[in-house]
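Trainee: A single structure is presented below for examination.
The values are calculated or read from the model by the stated rules, or taken from the named source; none is laboratory data. Computed from a predicted model, the values in this text were never measured in an experiment. Quick reminder, even Gly has a Cβ in these numbers, built from the backbone with ideal geometry, and neighbours come from all protein chains shown. Each accessible area value is taken on the protein alone, full model and side chains, heavy atoms only, with ligands, DNA and RNA left out. Shrake-Rupley method; radii C 1.70, N 1.55, O 1.52, S 1.80 Å.
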Amino acid sequence: MEPPADGRADIGPLPVALLVVAKAPVAGYAKTRLTPPLTPVQAARLAAAALLDTLDTVGACPVAHRAVAFTGDPAAAEFGGEIAAKLAEFEVIAQRGPDFAVRLANAHADLARTGLPVFQIGMDTPQVSTRVLTAAARALAAGSEVLLGPATDGGWWGLGLPDPRATRLLAEIPMSTTRTGDATRAILRANGYRVAALPTLTDVDHYADALRVAADCSGRFAAAVAALDAPRVAR
């Protein structure tokens, strides 16, 4: 048997739930900030590649539970058949709520029934490794700190909550702003939580981001970026 991805010989799965928050990569609705220079179909295919890479990475982590909070119709998505097959390996819960912050809070609350601490990521960081996620899961299982993975755009790519009491705070945080990371950290600390930082990663929001991320990873996403017929832009 091979050792875990982070090199430690633990026995059995880590008592953590890994949660991916994702939406169907449908052309015209997914990764719209990549257009231009990409077409809507190209942007959606990058989103699909990022999602599939993320699900592969999460699937390789030695944790007790894996779930995807999903919205949209995989049948209408780019690479929809492959996505549907991959989702069958996870518990899939429907996103619910009027905005992203509420849907995020509800997804964490839905997984609270497992009795496990929850580490959540999105589908915008295909470069995240099994080693990084496994180390985060181990830290979450072993301690009482909240884990926050900052993103270079001021947001965050990963959030680990040791218990469900912090879930309600997520609905109060303005999402998708350059202050989301700071606001998340501040509200958690104001409510008595200690917050530990994870490595900083780049979300794929714009075409320049896609180029940077593809240079740091392999897999479907890197291959999809390499195959694009789109103008190079400054990194």
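Trainee: Go through 158, 187, 70 and say which Cα lies farthest out towards the positive end of the charge dipole of the chain; charges sit on Cβ, +1 for Lys and Arg, -1 for Asp and Glu.
Mentor: 187
Trainee: Need the C-alpha centroid separation for region 40-63 versus region 101-121, integer Å.
Mentor: The two parts, judged by their Cα centres, are 20 Å apart.
Trainee: From the gyration tensor of the Cα coordinates in region 86-176, what semi-axes in whole Å does the equivalent ellipsoid have, largest first, with each one equal to sqrt(5λ)?
Mentor: 18, 17, 16
Trainee: Moving to a separate point now. With the cut-off at 27 Å, report for the chain the share of all Cα pairs above it, as a whole percent.
Mentor: Roughly 31 percent, rounded to a whole number.
Trainee: Ok, one more. Against the longest principal axis of the chain, how steep is helix 100-111, in degrees 0 to 90 to the nearest 10, with axes from Cα atoms?
Mentor: On a 0 to 90 degree scale, this one is about 50.
Trainee: Quick one: compute the contact order of region 68-213, relative version, from alpha carbon pairs under 8 angstrom and 6+ residues apart, as a percent.
Mentor: It rounds to 23 percent for region 68-213.
Trainee: Only four residue types carry charge here, +1 at the Cβ of Lys and Arg and -1 at the Cβ of Asp and Glu. Report the dipole size of the chain about the Cα centre in Debye, rounded to the nearest 20.
Mentor: Value, rounded to 20: 400 debye.
Trainee: How much of the accessible area of the chain, probe 1.4 Å, is carbon plus sulfur, in whole percent?
Mentor: C and S fraction of accessible area: 54 percent.
Trainee: Which sequence of 165, 220, 45, 131 reflects their accessible areas, 1.4 Å probe, from the largest down?
Mentor: Highest to lowest solvent-accessible surface, that is 165, 131, 45, 220.
Trainee: Select from 202, 57, 87 the residue farthest towards the positive end of the dipole of the chain; place +1 on Cβ of Lys and Arg, -1 on Cβ of Asp and Glu, and compute about the Cα centre.
Mentor: Result: 202, furthest along the dipole toward the positive end.
Trainee: What angle, in degrees between 0 and 90 and rounded to the nearest 10, separates the Cα long axis of helix 180-190 from the longest principal axis of the Cα atoms of the chain?
Mentor: Approximately 10 degrees, to the nearest ten.
Trainee: Moving on to the next point. Subtracting the Cα-Cα distance from 0.36 nm times the residue separation, let me have the gained length for residue 216 to residue 84 in nm, one decimal.
Mentor: Once the chain is fully extended between residue 216 and residue 84, it gains 44.8 nm.
Trainee: Protein chains only, probe 1.4 Å: how do 65, 108, 206 rank by accessible area, largest first?
Mentor: Ranked from most to least accessible, the order is 206, 65, 108.
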